Each structure stands twice: as C-alpha cells, then as structure tokens.
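Inspection log for the structure reproduced underneath, given as structure tokens.
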Amino acid sequence: MAGGGFVAQSGGRNYEGGVTAFVIITCLVAAMGGLIFGYDIGISGGVTSMDSFLKKFFPSVYNKEKEERHDNMYCKFDSHLLQLFTSSLYLAALVASFFSSTVTRLFGRKISMLCGGLVFLAGAIVNGAAKNVAMLIIGRLLLGVGVGFANQSVPIYLSEMAPAKIRGALNIGFQMAITIGILAANLINYGTSKIKAGYGWRISLALAAVPAIMMIVGSFFLPDTPNSILERGHPEKAKKMLQKIRGTNNVEAEFQDLAAANELAKRVEHPWKNILQPRYRPQLVICILIPFFQQITGINVINFYAPVLFKTLGFGDDASLMSAVITGIVNVVCTAVSIYSADRFGRRILFLEGGIQMIICQILVAVMIGINFGTNGVGNMSGSTANFVLFLICAYVAAFAWSWGPLGWLVPSEICPIEIRSAGQAINVSVNMFFTFLIGQFFLTMLCHLKFGLFLFFAGFVVIMTIFIYFFLPETKNVPIEEMNTVWKAHWFWGKYIPDDAVIGGQNLKELTA
C-alpha cells in the first residue's frame, strides 16, 4: 500500500504519492545486480590464497609463499600475473561501461541489466572450467563486461524509481547487495578450501553463475523506469508507470517535471560532448572524483586480498579465510547502518565521519605492522597483536561501509540531469573500474616496495578526499533528481556554473512546459 505524501526538502517540490510495495519490490530485485559485483570482489582473494589454485596456475607464487618464514613477508605474493587474474575483470568493465551507457539510454535500464547478467554467466562457466591461465583471464574478462553493464544500469534504475525521501535507502540496496555478495564469496571460499581433493577453487569460481542467473531472471520481470520510458518516446506509458510506482493517479506535478527534463534532454544530441560544457561542470567533477576517491581509500586491498593480506601478517590458512569472513560480516551490517542513515542525516555527515574513522584506523594499522615487521618484512605478530590489527581493519571496513561504499554509488547516480545521466554514470563506472584495476594489479607489488607505508599512502588520500567533501559536495538528501540543479545553483562554488534556465521548479518549470 502507498504511504502518505512526502515533502522534498532542500528546495524540492511537493509530489503526491508515497512509498509503495511495488516500488520497494522492484528496487530490491534490481539491487540484486550488485550481487555479481560483490561475489566477484570477494571470491578472487580467497581463491588466490588456496594452495591447490596456486600450484596449478601460479606455481612460482606457491613456491615463494612456502619458503621459510624469515624471508620478506611483504613480498611473498608479489606476482603481476597473479594480480592480473584479479584486475583483468575491471579493465573489461571499464571498456564495457561505455558501450553499456548507449544500451541503457537507447533500450532501457532493464535490457542493460539482462545483457550484463548473460555475459557474466558465460564468464562464470569459463572460469569454473578453466584449464590454464588463458582460460582464467578470458573468463575474468567476460565477468568484467557483465559487471560494467550492471554497474552502469542498476544505480540509475534505483535512483529513477525511488521517491526522493527514500532514494538513498533504496539506492544503497545496490551496495548492500555488493556486501552480501562479498560475504557469500568469503563463506564459500572458507568451505571450499576444506575440500581435500583440491578442486574447491572451481566450485568457488563456478558459483558466480548463481547471482548471474538471479539477475537474468529478475530483469525479465522488472518494469522500466518512467524516465527511461519517456526518454524513448512513450509519454502515456511513462505516466501510467509513474502512477503505479507512486500509488496514486495524481502525479501531474512530478510527471511535468519529468517531461520538462526530457524536453531539455532531447535538445542534447551528444551527451558525451555536452557533459564537458561548463553548465555540467559540477556533475562531471563529482562523477570523476567520487569514484577515484572511493578506490583510493584502499578498501579493495581488503576486499580483493584479505586472505592474502592476513596470511602475510602471519595468520594461518584457516585463520586468514575466517578473518575475511569476519570483515565481510562487518561490511554487511554497517552498510545497513547507511541504509538507515543516508536519508535521515544526509550524505555529507556520513562521508565526513567515515573519512575521519578510516584515517585513524589506517595510521594505526601502519604503526602496528611497522613495529612488528619493520622495513625488511622479518618478524611475527603475537595473537593479541594480530587480533588488534583485525579489529582495526574491521573498524576501517565499518567506516567505509556506511560512508564511501554506498554513497560512492548513490551520489553520482542522483546528481546528473537526464540529458547527461547515462554519460555521467558511464564516467562514474569507468573511473571506478580503472582505479579498481590499478589497485588490483599493483597492490601486492606496492606492498612489497612501500611495506607498512602503503597504509599511510592510502590514509593521505583519505585526508584529501575528506577535505574535498567538506568544501565541494552540497547535501542532496530528499531532493528530487529532476530538481538537483537547485542544489548546485545555491552552492558557494558551483553556483556560477549553473545558468538560471537549468533550474527546474516553480516559474522556470512553467516556462519550460508552456
């Protein structure tokens, strides 16, 4: 049943309708697209820590890892080929995000989700049947194409379907699905590592087919968003869909906003060219810097290589995999905190608090590793010290999970007007994937050379990005996405880039729709 009407704050207009069961269900189904991304993030680190996997595909790494403990602990897993297994997916996702933006705009968000699920399924099959490194990489590239399509379409879908007052909570459902995927992968890795016959890694890789099938099936039943339907030239159908998801027939005000935004979008023939115009400067900068900062927090050091990292710090095989499970549980629980908080307290406060907490944790982790292993990588940790490091890493993961994790996807997806929305999201995804690729490809090498200073390296960037948020990101909670320019116009720095005719609402809206 629909709830009561809601008021969009921060200058937003009042729309009829409310939160319907229909929109909740469709957003939950769509958010499952995050499962494929999360499962892949979590599965690679556990698989690359399994002896049977390393012996078959990366024997040199296996031999180095089994050397005497007095060797440099920082460099035991330093292998560009091993890192390519993890990172190749994100290079493919980067390229795919540009193609998927066209599919998302021309054929709708749900078609893009379907394409992503099908290609991801093919990648899971190839990886599960892999006989050599070449098959592993080909499978990872296919998985990357699927991730590129899903990450392009799902956040846009969620932002367009959700009412403004719960847009944050529903959009963060995508990040929640990512964290559930990571946790599921960690649990599966822990279980398959116990298989004595040594084929557990095949099960771990092949089970990526499960979230792919869920996304494929879900995409068949999802309706398309009113924005997308209107964008493709079906106004009556778009209005009926808006009435259905808002639970009321009186949607004229919101529909007129959508129609006005769509009319503006039709005047833009080249979204990739137009997003470079000064009037879209705030959106362009945010869509580049937010995903860059999200990755430079160093979170994927934990997501990709948690078992490897814990083994480097002296945890045993079982303990390293179980520690990854613990961080995965923390990730899920604290993402739920963000779902509760984003639309109540706003985006800015979560960004800022999360940044400060991550800085403190990274500095302390660097200090603890430095004390115990020094610069030559020789040493060990006592049980109590290792547990304290695990606690710090969990506190770091918690801070990311309720701040930069979900908000890094939410904010870029909600700030772009419809005429550049697909291009803006493609930039967001591609920048995210590019720096995810760099982290995946070079972390183990950076750990070998920077040693404990690597955590100080990431902490320095978290300081910079926290300062950026404080000065340059306005609050966007409860603002309908068609009226987001009112926020930029009121900002002390970005306001000079936003022309008056770009602000939809009140008299400007009447002029546009006259």
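The values are calculated or read from the model by the stated rules, or taken from the named source; none is laboratory data. Note that the coordinates shown come from a computational prediction; the quantities given were computed from them, not determined experimentally. No Cβ is skipped: glycine too gets one built from the backbone with ideal geometry, and neighbour counts run over all protein chains shown. Surface accessibility is based on the protein's heavy atoms, side chains included, excluding ligands, DNA and RNA. Shrake-Rupley method; radii C 1.70, N 1.55, O 1.52, S 1.80 Å.
Checking each residue in the range 245-272 for being of a type in the set (D, E, K, R) and under 29 Å from Ile469 (Cβ atoms) picks out only Asp257.
When we screen Ser52, Ser112 for residues that are open to solvent by 10 Å² or more (accessible area, probe 1.4 Å), under 25 Å from Ala184 (Cα atoms) and of a type in the set (Ser, Thr, Tyr), the only hit is Ser52. Taken over the range 465-492, the criterion of being touching a residue at least 60 places away in the same chain (Cβ under 8 Å) and of a type in the set (Val, Ile, Thr) is satisfied by Thr466, Ile469, Thr476, Val479, Ile481, Thr486, Val487. Among the residues of the range 388-417, those that are over 17 Å from the mean Cα position of the chain (by Cα) and either at pLDDT below 85 or open to solvent by less than 10 Å² (accessible area, probe 1.4 Å) (or both) comprise Val389, Leu392, Ile393, Cys416, Pro417.
Just for the range 342-360: of the residues that are within 18 Å of the chain's Cα centre (by Cα) and open to solvent by less than 10 Å² (accessible area, probe 1.4 Å), which one is farthest from Lys165 (Cα to Cα)? Filtering first and then ranking leaves Met358. Taking the listed residues Phe107, Phe99, the one that is modelled with pLDDT under 95, surrounded by fewer than 18 Cβ atoms within 10 Å (Cβ to Cβ), of a type outside the set (S, T, N, Q) and in contact with a Phe, Trp or Tyr (Cβ under 9 Å, 6 or more places away or on another chain) is Phe99, with no other qualifying. Looking across Leu143, Leu94, Leu158, Leu118, one residue alone is in contact with a Phe, Trp or Tyr (Cβ under 8 Å, 6 or more places away or on another chain), of a type outside the set (Phe, Trp, Tyr) and at pLDDT 90 or above. It is Leu143.
Among the residues making up the range 266-306, those that are under 18 Å from Ala459 (Cα atoms) and at pLDDT 90 or above are Leu289, Ile290, Pro291, Phe292, Phe293, Gln294, Gln295, Ile296, Thr297. Of all residues in the range 195-221, those being open to solvent by 10 Å² or more (accessible area, probe 1.4 Å), in contact (Cβ under 8 Å) with a residue 24 or more places away in the chain, of a type in the set (A, V, I, L, M) and not in a helix (DSSP H, G or I) number 1. Of everything in the range 456-481 that is in contact with a Leu (Cβ under 9 Å, 6 or more places away or on another chain) and in a helix (DSSP H, G or I), the residue that is most open to solvent (accessible area, probe 1.4 Å) is Tyr470.
Annotation note: of Leu81, Leu28, the sole residue that is surrounded by fewer than 23 Cβ atoms within 10 Å (Cβ to Cβ) and under 30 Å from Asn372 (Cα atoms) is Leu81.
Only one entry in Phe388, Phe442 is over 21 Å from Gly38 (Cβ atoms) and free of Cβ contacts under 8 Å to residues at least 60 places away in the same chain, namely Phe388. Condition first: among the aromatic types (Phe, Trp, Tyr) and modelled with pLDDT of 90 or more. Now tell me which residues in the range 307-360 satisfy that. Result: Phe345, Phe351. Inspect all residues belonging to the range 422-429 and state whether any of them is part of a helix (DSSP H, G or I) and open to solvent by 10 Å² or more (accessible area, probe 1.4 Å). The answer is yes, given that some residue of the range 422-429 is part of a helix (DSSP H, G or I) and open to solvent by 10 Å² or more (accessible area, probe 1.4 Å).
Of the residues screened, Ile363 is not one that is free of Cβ contacts under 8 Å to residues at least 24 places away in the same chain, surrounded by fewer than 20 Cβ atoms within 10 Å (Cβ to Cβ) and aliphatic (A, V, I, L, M). Are any of the residues in the range 164-178 under 22 Å from Gly408 (Cα atoms), in contact (Cβ under 8 Å) with a residue 12 or more places away in the chain, not small (Gly, Ala, Ser) and not in a helix (DSSP H, G or I)? No, that holds for no residue.
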